[in-house]
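Read-outs: derived from the displayed coordinates by stated rules, not from any lab. Computed from a predicted structure; not experimentally measured. Cβ sites come from the backbone with ideal geometry, for glycine too, and all protein chains shown count toward neighbours.
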């Protein structure tokens with residue numbers, strides 16, 4: 001048995017959790033087990049014949065143990081490539097407006113009073129119908145994005161009506177989500193969007209509590225924005241429409257060295273409202289956008305990872321819903337690697353495959369723009385050879401250090417365009433995955449104890 005098998009390179013092993021056992025986690029399957037140090041030693045030494053057969057089969061099923069002749073990197077990259085070619089979901093991101101009320105000090109976009117006009121509207125509908133003919137798609141997902149999408153609410157309304165009709169005619173499942181600054185998301189607007197247009201997921205940014213948020217996310221006139229956004233969130237999640245539509249609210253905090261002290265105060269504020277079970281929190285280090293060096297305001301990835309664990313524990317203590325802390329196996333990295341199954345269209349009709357490129361000066365006229373739906377030949381000649389579309393080949397060639405990383409199956413390189421800018425895109429779990437495995441174990445054990453007592 002020892003000749004035919006080996007330990008997968010795509011594993012993570014924690015320090016002992018109770019003096020005798022560790023947690024072993026497969027990034028190829030996202031499965032984890034409590035394992036004795038004795039069995040761990042047997043795995044490391046290829047003494048698989050000394051492992052209980054039932055345990056061995058579990059480890060084999062989780063791909064913690066694999067065939068000794070398998071080229072794992074080749075298999076993982078092949079899985080990524082095959083998925084991008086066989087996707088049954090068409091994802092369309094739309095920027096209905098080029099305008100935004102905020103002048104955030106880390107934003108890299110150039111905002112203008114641009115909206116989708118009637119001609120672009122008609123061409124978007126035509127384009128969607130053509131795209132949905134290309135493959136036997138089963139799902140059509142639309143993401144409303146900015147600048148600020150609610151600056152063009154009428155376009156969201158009329159496009160949504162068409163998308164819902166197209167989906168119904170084609171028998172497609174329709175999904176819709178919105179990334180908004182929240183300033184205009186009044187309860188009445190939320191009700192219309194969620195009930196009539198099936199937009200049931202919302203991402204809204206609050207960078208800490210009022211004191212810190214208003215130093216970075218102020219209006220273009222320099223006025224504070226926290227209280228308006230916060231009030232809108234509270235009223236929306238307490239509304240009847242929220243209950244009836246099962247909407248989801250994700251509150252994102254872009255963390256910098258300046259606002260990090262306001263994160264716990266924001267969490268406490270939400271908990272004081274009693275809505276911690278109605279929202280999810282995403283903490284992320286602020287990053288460069290189009291070469292604006294915004295990442296210099298933030299922490300190193302490793303420093304952020306340490307703070308993140310502390311914030312997660314605080315959220316747990318306050319009763320927030322804590323989604324699984326363990327990253328799931330990925331089969332696609334982002335829009336860049338989605339082949340022809342994902343695109344972004346801005347208010348001018350430009351077609352691209354990366355959120356960072358539109359309304360961003362550094363990418364004007366760049367090869368990241370692969371077409372315009374208002375032109376006779378809507379795709380440009382370089383579409384098939386556009387930058388980073390061969391991302392998984394680049395990983396295999398050592399373009400980034402992802403080739404050697406045991407977290408590749410749950411990361412996929414995170415953000416190809418960041419690597420292209422010379423900025424490693426490693427997610428925080430690269431630096432705190434062991435802590436997250438142990439914390440997840442403790443949370444699950446605590447929940448089980450509560451169920452047992454009840």
Could you tell me whether segment 5-48 comes out rounded, prolate or oblate from its Cα gyration tensor? Rule is a ≥ b ≥ c as square roots of the eigenvalues, rounded for a/c under 1.5, then prolate if a/b exceeds b/c, otherwise oblate. oblate
Chain lengthening between residue 83 and residue 122 when straightened (0.36 nm per residue, less Cα-Cα): 10.9 nm
Note on the chain: contact order normalised by length, alpha-carbon pairs under 8 Å, 6 or more apart, percent, works out to 18
How far apart, in nm, are two points set 7 Å out from the Cα along the Cα-to-Cβ line at residue 303 and at residue 112? 3.8
Report, to the nearest 10°, how far helix 226-237 tilts away from the longest principal axis of the Cα atoms in the chain, using its own Cα long axis and a range of 0 to 90°. 70
Tilt, helix 72-85 to longest principal axis of the chain (alpha-carbon atoms), in degrees rounded to tens, equals 30
Please arrange 225, 348 by counting, for each residue, the other beta carbons lying within 10 Å of its beta carbon, fewest first. 348, 225
Which residues in segment 108-126 place their backbone N less than 17 Å from a point set 7 Å from the Cα of residue 189 along the Cα-to-Cβ direction? 112-116
Full-extension gain between residue 434 and residue 421, please, as 0.36 nm times their residue separation minus the C-alpha to C-alpha distance. 1.8 nm
Take every DSSP beta bridge with both residues inside the chain and express the antiparallel ones as a percent of the total, to the nearest 5. 35
Once both axes come from the Cα atoms, what is the angle between helix 301-318 and the longest principal axis of the chain, in degrees from 0 to 90, rounded to 10? 90
Want the number for residue 135 to residue 367: 0.36 nm per residue separation, take away the alpha-carbon distance, what's left? 81.0 nm
Note: segment 352-454, point scatterers on Cα, Debye, no solvent; log10 I/I(0) at q = 0.15 Å⁻¹ equals -0.76
Just grab the label-to-label distance for residue 293 and residue 37, each label 7 Å out from Cα along the Cβ direction, in nm (one decimal). 4.9
Segment 274-387: relative contact order in percent, alpha carbon pairs under 8 Å with at least 6 residues between: 18
Sites residue 44 and residue 162, calculated FRET efficiency, Cβ-Cβ separation with R0 51 Å, nearest 0.05: 0.30
Using Cα centres only, tell me the gap between segment 17-74 and segment 179-193 in whole Å. 48
Whole-Å distance linking the alpha carbon centroid of segment 111-133 with that of segment 245-266 is 33
Return 301, 238, 445, 28 ranked ascending by Cβ neighbour count within 10 Å, so the fewest neighbours appear first. 445, 238, 301, 28
